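Asks: To start, I am sharing the structure in question, which I have written as C-alpha cells.
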C-alpha cells in the first residue's frame, strides 16, 4: 500500500510522535524551511516510505516513541557533521527517520534517484552505520 501525500500531511498534523520529532530537531538547531520550499521534499519522503515498503505511518510513530533518545543522538550527530545552519523541512526530517528504521534502502541508487547532495549523503550514511544498529525496531 502506498501512503498518499494527503495521508502524510494529515499524519504530521495529528501525530504526537511526529510533533516530538520536529520539536526535537528544532531544539537541536535544525532550522525550519518555508512551507513552499518544504513541499519539494514531500515526494522524496513518500518515495522513501514506498522504497521501505512501509505499510502505515503508525509503525514509524512507534519507532520514534521507542527510540526518542537514540533519535536525538542521531540527529545531533548529523547536525554536528554538517554546516552550522541546516535548514530542514519536516518531510526531510521524517525521511531521515525512515532511513534510520530501514537503513538498507539508503543505496547509491536511492541517493541518485532522490537527488541527494554527496556531502549530505556521506554524512547520513556515516550516521546510519553508527546509530541504526542501536535502534529498537
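Only the coordinates and a few stated rules stand behind these numbers; no lab work does. Keep in mind that what you see is a predicted model, and the values were worked out from it rather than measured. Heads up, the Cβs are rebuilt from the backbone with ideal geometry, glycines too, and the neighbour counts pull from every protein chain shown.
Asks: Could you sort the peptides 87-99, 112-124, 38-50 by per-residue average Cβ neighbour count (10 Å cutoff), highest mean leading?
Replies: Ranking, from highest mean packing down: 87-99, 38-50, 112-124.
Asks: A follow-up question, please. How high is the relative contact order of the chain, in percent, counting Cα pairs under 8 Å that sit 6 or more residues apart?
Replies: Over the chain, the number comes to 34 percent.
Asks: Any idea how far apart residue 69 and residue 126 come out in nm if each label point goes 7 Å out from Cα toward Cβ?
Replies: 2.6 nm
Asks: For the pair residue 7/residue 19, report the inter-label distance in nm, with labels modelled 7 Å from Cα in the Cβ direction.
Replies: Label at residue 7, label at residue 19, 2.2 nm between them.
Asks: Helix-only mean residue ellipticity at 222 nm, the chain, DSSP H runs n ≥ 4 weighted -39,500 (n - 2.57), per residue, nearest 500. What is it?
Replies: When only DSSP H runs of four or more count, the value is -21000 deg cm²/dmol.
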